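This report refers to the structure that appears directly beneath it.
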């Protein structure tokens, strides 16, 4: 069954990629507001509706949670929960010209009331660099099958890049103690920050308020690559309940640097 789920996630990632590439600036607002109170872009709605059509056509036994429309029941005998962000990095997408990263995040959890660690398969597709990753059987690989292992010997100094979400002024204050201790960067999207870690161009990523539809994919892909995923108090995020209306503190990546980063909050 896991192989079937991996095939379905791969199909969703490729479907989403093709749509986003086909419509590079489908930036008009639909007039709708998503579950986070944000205005929905036409591209978000198009990818989401295409995903739902695929899931229903293939009769997947899943409850769907998406940022744009919330919860949808897609089968009479539910077995899994699938959470996805049809376009992570909408602002980067709106800028256009592939200047900044954006893409798709998908995770499938075992059961309907899972913990975050109960991801059985997950995937990410970053459009601007054409980079894609899949998690299954406790490993992270590229879609072409290359095993991903995070670099484990990052130095803890201001030359080691860590990608932190900084899109609100309060987030700068959150990470103030890391300034001058690590090289703070931000790609403008969760998927962009994640991909820099998975390609070993950064020692970690952080977010004070990562969304439920993103946390499963980020957790699984980092863990499958040999990294750790904790909150700002060093608690293992995997042991926390996955809650559709929640958001989470996140530090993820190379073990020694993430442990160091978490200590700066104490």
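Looking only at residues in the stretch 78-91 that are at pLDDT 90 or above and outside any strand (DSSP E or B), the one that is nearest to residue 2 (Cα to Cα) is 79.
May I ask you to verify whether residue 176 is more than 14 Å from the chain's Cα centre (by Cα) and touching a residue at least 60 places away in the same chain (Cβ under 8 Å)?
So residue 176 does not fit the description; no.
Mind checking which residues of the stretch 158-179 are in a loop (DSSP other than H, G, I, E, B) and at pLDDT 90 or above? Selection gives 158, 159, 160, 165, 166, 175. Report yes if residue 144 is buried (at least 19 other Cβ atoms within 10 Å of the Cβ) and either in a loop (DSSP other than H, G, I, E, B) or touching a strand residue (DSSP E or B) at 6+ places or on another chain (Cβ under 8 Å) (or both), otherwise no. No; evaluated as a whole, the condition is false for this residue.
So that you can scan it fast, the table gives a plain yes or no per residue for (1) at positive phi; (2) modelled with pLDDT under 95; (3) not in a loop (DSSP other than H, G, I, E, B):
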residue	(1), (2), (3)
12	no, no, yes
30	no, yes, yes
36	no, yes, no
65	no, yes, yes
68	no, yes, no
72	no, yes, yes
104	no, no, yes
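Within the stretch 151-168, the set of residues being under 22 Å from the mean Cα position of the chain (by Cα), surrounded by fewer than 18 Cβ atoms within 10 Å (Cβ to Cβ) and over 19 Å from residue 222 (Cβ atoms) comprises 167, 168.
So is residue 266 in a loop (DSSP other than H, G, I, E, B), at pLDDT below 95, in contact with a strand residue (DSSP E or B) (Cβ under 6 Å, 6 or more places away or on another chain) and farther than 24 Å from residue 130 by Cβ or not? For residue 266, the condition - in a loop (DSSP other than H, G, I, E, B), at pLDDT below 95, in contact with a strand residue (DSSP E or B) (Cβ under 6 Å, 6 or more places away or on another chain) and farther than 24 Å from residue 130 by Cβ - is not met.
Rundown of residues vs (1) assigned by TED's automatic domain parsing to the domain that holds residue 20; (2) surrounded by fewer than 20 Cβ atoms within 10 Å (Cβ to Cβ); (3) touching a residue at least 24 places away in the same chain (Cβ under 8 Å), yes/no style:
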position: 107; (1), (2), (3): yes, no, yes
position: 112; (1), (2), (3): yes, yes, yes
position: 122; (1), (2), (3): yes, no, yes
position: 135; (1), (2), (3): yes, no, yes
position: 149; (1), (2), (3): no, yes, yes
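The values are calculated or read from the model by the stated rules, or taken from the named source; none is laboratory data. Predicted model, so just to flag it, every value in this text is computed and none were measured. Note that each Cβ is placed from the backbone with ideal geometry, even for glycine, and that neighbours are counted across all protein chains shown.
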